Structure formats: C-alpha cells, structure tokens
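Just so you know, all these numbers are worked out from the coordinates, no wet-lab data involved. On a predicted model such as this, the values are computed, not experimentally measured, just so you know. When we count neighbours, we look across all protein chains shown, and the Cβ atoms used for this are built from the backbone with ideal geometry, even at glycine.
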Amino acid sequence: MRTGKQFEKLTASELYCPRCKRLSPVRERLLLVLPSGEVYDYRCRVCGDSLGSRQVTAQDRRRIVPA
C-alpha cells in the first residue's frame with residue numbers, strides 16, 4: 001500500500017453546488033498570485049457560483065521556461 005504524496009496534486013472536476021442542488025462540473029480559475037504560491041477558485045459551470053478554492057505553494061509549482 002502506497003502512502004504519502006498520492007493525492008498531493010489533486011484537482012476537482014465536479015463539486016456539489018448548493019444553488020443548483022446537484023453535482024456540477026467546475027471551472028478552475030486563477031484568483032491570486034502570491035510570493036508564497038497561487039490561489040485558484042472553483043466555479044460552477046452552470047450558475048457561476050464559487051464552490052471552493054485551492055492553494056498551490058511555491059514549492060509545488062513547476063518553473064516553465066520558454067524554449
């Protein structure tokens with residue numbers, strides 16, 4: 001059995017929306033860029049309500065360098 005970092009980079013594809021009263025697909029949107037990391041907001045694709053957020057710390061980010 002593996003333990004540890006198995007769910008470290010988990011992102012949501014569907015969340016329960018209280019307004020729609022059902023499980024709805026979500027859109028992940030970059031909300032803030034901070035020195036310590038980035039904050040993403042999850043929004044319902046049906047009604048647009050915010051359903052939650054996720055923070056990615058600076059050590060989890062990958063540095064992308066153009067070729």
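Listed peptides 33-45, 11-23 appear in the order 33-45, 11-23 once ranked by packing, highest mean of other Cβ atoms within 10 Å at the front. Label-to-label distance, Tyr16 versus Arg54, with points set 7 angstrom from Cα along the beta-carbon direction: 2.0 nm. A simple count of charges around Val26, restricted to other residues whose Cβ falls under 9 Å of its Cβ and scoring Lys, Arg +1 and Asp, Glu -1, yields +1. Each residue of the stretch 32-37 is assigned a 3J(HN,Hα), and the resulting list reads 9, 10, 10, x, 7, x Hz, derived from the Karplus form 6.51 cos²θ - 1.76 cosθ + 1.60 (θ = phi - 60°), x at Gly and Pro.
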